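The values are calculated or read from the model by the stated rules, or taken from the named source; none is laboratory data. These numbers were taken from a predicted model, which means no experiment stands behind them. No Cβ is skipped: glycine too gets one built from the backbone with ideal geometry, and neighbour counts run over all protein chains shown. Side chains are part of the model used for accessible areas, which takes the heavy atoms of the whole protein and leaves out ligands, DNA and RNA. Shrake-Rupley method; radii C 1.70, N 1.55, O 1.52, S 1.80 Å.
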Amino acid sequence: MLEIAENGRTWLLSGPTSSYAVHLTADDELLHLHWGPRIALADAEALAVRPLPDYWPFESPLDGREEYPVEGGPRFVRPALSVRTEEGRGTEWSFEACERAEEDELRLRFRDGGLAITLHYRMRHDVVERWVTLDNDGPARELLRADSAAWTLPDRDGWRLSQLHGRWAAESRLVRSPLTYGEKVIGSRRGHTGHQHLPWVALDTDATEERGEVYGCALGWSGSWRIAVAQLPDASVQITGGAGYDDSGLLRLAAGEAFTTPVFAGLFSDGGFGGASRAWHAYQRAYVIPDADQDRPVLFNSWEATEFDISEEQQGVLARRAAAMGVELFVVDDGWFGARTSDRAGLGDWKPNPDRFPGGLKPLGDYVHALGMQFGIWVEPEMVNPDSELYRAHPDWVQYQPGRKRTELRNQLVLNLAREDVQEYLWGQLNELLSSAPIDYVKWDFNRCFTDAGWPGEPDPQRLWVDHVHALYRLLDRLRAAHPGVAFESCSGGGGRIDLGVMSRTDQVWTSDNTDPLDRLAIQHGFSQIHPARVMAAWVTDSPNTQLNGRVSSLRFRFVSAMAGVLGVGGDLAEWTEEELAEARDWVDLYKEIRPLVQRGDLHRLRPPEGGLSAVQYVLGDEAVVLAWLQAQHHGEPVPALRLRGLDPSASYECRETGEVHRGAVLLHHGLRTGLHGDLDATVLRLRRI
């Protein structure tokens, strides 16, 4: 809901439980008023008449209070907008108008000469979406920095910062630390979202999992990005963020050109970290994830079973075993195309290898469909091997700096997707591929970072960093429109491209290349702080885990770990015993039963993965399911009961595994015994209100 004061200079956006307010002073200074619990318009107007502190001459009263700080004038904070022209740099803007658009979107328009600056606000549930459009109808301007938003937090003592850090095979690790004076900057200078940080931060003072105020921000951008959290000299806190890592320049705006920043979304919750997560999940299922009301199928992926040594006959053998297990989607991973017998050749040549698939992919796709499964493939369209027909024909289509060595990582180069001819080539190749066989699913990978991001001959080569991402979005949008029955998964060597931007165009994401079930508990715990289980792909693979650490774990532990998200299987089924296949079928059947709760229910993190016992709970309607894992048990050490959440204390619940009936109040306050014991044990407990 959007409310506007009678004087037209105070604006209030409200969701079910929170509000956001801004005010324009008589001097056209746009000030932040409120972000927190829901308030009335009269409350916002009362805040608007409060005087600013008098800090001169060494501090600015605007710093930490201005809604979108620009460069220039009486400001010393990091600017959200930095513009350079031939005359110099900086912005001196004046207010023009406000506009109420569809869906109660608020638009505040400012102008600095020939540059029109529009700040956009939209409240969805309790999430505030913010972004900026810049329209240039004057001389050319260079955008050094154009952040999507600046978020101002209320005055509090002892802020604590939460972030998700990591590396390949160890993504989404949650860390919380006191916020100190100065700036904390996270981001990616790699051309994609990156394994090192997810574009999300949260701040609190004394929150727990279920209680306390939490402020969170998440950026919807799949290229290089930056979020800066600053505690200013007067202890006020402001967060800025947007596309691009540094201030070397986003792009050049010629006369008549415009730029729209990605969305930077913010959320306030007084329900602790768990309440904030559930609000983020509900927002993404309602407004971000395509077809989020449709549960994702159980898949089998052939990579760990075969790697590059594949054939149509061999894939058929795996497909029969997968179908007998109850798998619903069979995916052929890398190695089906071109001269792709290793990672040294073939990328860019998106035609089935004639020796491995003499009739193309259609015969295998038809066979998989006949077995009752959907059919999927792996692609990596943004990359090319030097040993490929594409590169031999178009060596100028890659990112490179003239006169410099073309750096190869994983024996591949990055295509310059900002070029229209590259975009059209990929559209033609992928559209033809999806039209040639009954393909239902595409795993879209991105296996190396930008290094030599040059664009010879382009007057504004810096725009490659932004235009590559926009071209990726257009290509995905175009393919989805032409092939509406095809689902897409975002992958980047695991979790290297996970953000609200790519998630608005894909149906799920590959969380990590690390499929070890114990390691995955920490990765999934961090991932769940912001993103829902509905998009979190998780596989059951072989034991010992030969891909990473050699850890031995039971099929039970591996399945229960992977059942916390979108279940997949990635082991070599040709080597599984009949007993293992039969047990796996039982686990798949159980997952299908609890899938609506896992993928669409409210998540409660009962115990974090740092201790011996960890658990999550999903609640949907009258049903709940608990997934619990015991890492290790010392002699004589009892396993604690799990205090459940999200239940009706006055109701009774039947545990389907034991047949026992429990009162809701008892489960909430005294807990549920799991029956776990020993090392690497796991269980699933289903509860139904009676």
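From the list 275, 266, 256, the one residue that fits, being on the phi > 0 side of the Ramachandran plot and either crowded, with 21+ Cβ neighbours inside 10 Å or touching a residue at least 12 places away in the same chain (Cβ under 8 Å) (or both), is 256. Note on segment 200-215: residues that are touching a helix residue (DSSP H, G or I) at 6+ places or on another chain (Cβ under 8 Å), closer than 20 Å to residue 531 by Cβ and part of a strand (DSSP E or B) total 3.
Determine, yes or no, whether residue 447 is in a loop (DSSP other than H, G, I, E, B), of a type outside the set (D, E, K, R), open to solvent by 30 Å² or more (accessible area, probe 1.4 Å) and under 21 Å from residue 506 (Cα atoms). Yes; evaluated as a whole, the condition is true for this residue. Annotation note: of 314, 294, the sole residue that is within 19 Å of residue 360 (Cβ to Cβ) and surrounded by fewer than 16 Cβ atoms within 10 Å (Cβ to Cβ) is 314. If we keep just the residues of segment 551-584 that are without any contact (Cβ under 8 Å) to a residue 12 or more places away in the chain and either open to solvent by less than 40 Å² (accessible area, probe 1.4 Å) or part of a helix (DSSP H, G or I) (or both), which is farthest from residue 615 (Cα to Cα)? My answer is 578.
Once segment 89-120 is narrowed to residues that are outside any strand (DSSP E or B) and open to solvent by 50 Å² or more (accessible area, probe 1.4 Å), the residue that is nearest to residue 19 (Cα to Cα) is 104. Among the residues of segment 80-88, are any open to solvent by 30 Å² or more (accessible area, probe 1.4 Å), in a loop (DSSP other than H, G, I, E, B) and either farther than 27 Å from residue 154 by Cα or of a type in the set (A, V, I, L, M) (or both)? Yes - at least one qualifying residue is present in segment 80-88. Being touching a residue at least 12 places away in the same chain (Cβ under 8 Å) and open to solvent by less than 40 Å² (accessible area, probe 1.4 Å) holds for only one residue in 193, 208, 180, and it is 193. Screening residue 459 with (1) of a type outside the set (Ser, Thr, Tyr); (2) under 24 Å from residue 246 (Cβ atoms); (3) modelled with pLDDT of 95 or more gives one miss only, at (3). Taking segment 319-374 as the range and being in a helix (DSSP H, G or I) and either modelled with pLDDT under 95 or open to solvent by less than 10 Å² (accessible area, probe 1.4 Å) (or both) as the test, the residues that pass are 319, 322, 325, 364, 365, 368.
Whenever a residue of segment 1-26 is of a type in the set (Val, Ile, Thr), its partners that are in a loop (DSSP other than H, G, I, E, B) and buried (at least 21 other Cβ atoms within 10 Å of the Cβ), lying with C-beta atoms within less than 6 angstrom and at least six residues away or across chains, give the pairs 17/126; 22/67. In segment 35-49, of all residues being open to solvent by 30 Å² or more (accessible area, probe 1.4 Å) and farther than 14 Å from residue 3 by Cα, the one that is modelled with the lowest pLDDT corresponds to 49. For residue 495, the criteria (1) under 30 Å from residue 259 (Cα atoms); (2) open to solvent by 30 Å² or more (accessible area, probe 1.4 Å) hold in every case but one, which is (2). Within segment 504-522, the set of residues being farther than 24 Å from residue 264 by Cβ and not in a loop (DSSP other than H, G, I, E, B) comprises 510, 517, 518, 519, 520, 521, 522. Scanning segment 670-687 for residues being in contact with a Lys or Arg (Cβ under 9 Å, 6 or more places away or on another chain) and surrounded by 15 or more Cβ atoms within 10 Å (Cβ to Cβ) gives a total of 9. Residue pairs whose Cβ atoms lie under 6 Å apart, separated by 6 or more positions or on different chains, with the first residue in segment 595-618 and open to solvent by 10 Å² or more (accessible area, probe 1.4 Å) and the second modelled with pLDDT under 95 and not in a loop (DSSP other than H, G, I, E, B), do not occur.
Residues of segment 451-490 that are buried (at least 20 other Cβ atoms within 10 Å of the Cβ), touching a residue at least 60 places away in the same chain (Cβ under 8 Å) and of a type in the set (Phe, Trp, Tyr): 465 alone. Just so you know, in segment 532-550 the residues that are closer than 25 Å to residue 316 by Cβ and of a type in the set (Ser, Thr, Tyr) include one that is least open to solvent (accessible area, probe 1.4 Å), and it is 541.
Within segment 5-30, the residues that satisfy the criterion of being surrounded by 17 or more Cβ atoms within 10 Å (Cβ to Cβ) and out of contact with any Asp or Glu (no Cβ under 6 Å at 6 or more places or on another chain) are 9, 11, 13, 14, 19, 20, 21, 23, 24, 29.
For residue 240, indicate whether it is open to solvent by less than 20 Å² (accessible area, probe 1.4 Å), on the phi < 0 side of the Ramachandran plot, in contact (Cβ under 8 Å) with a residue 40 or more places away in the chain and not in a loop (DSSP other than H, G, I, E, B). The answer is yes for residue 240.
Going through (1) in a loop (DSSP other than H, G, I, E, B); (2) hydrophobic (A, V, I, L, M, F, W, C); (3) buried (at least 19 other Cβ atoms within 10 Å of the Cβ) one by one, residue 123 falls short only on (1).
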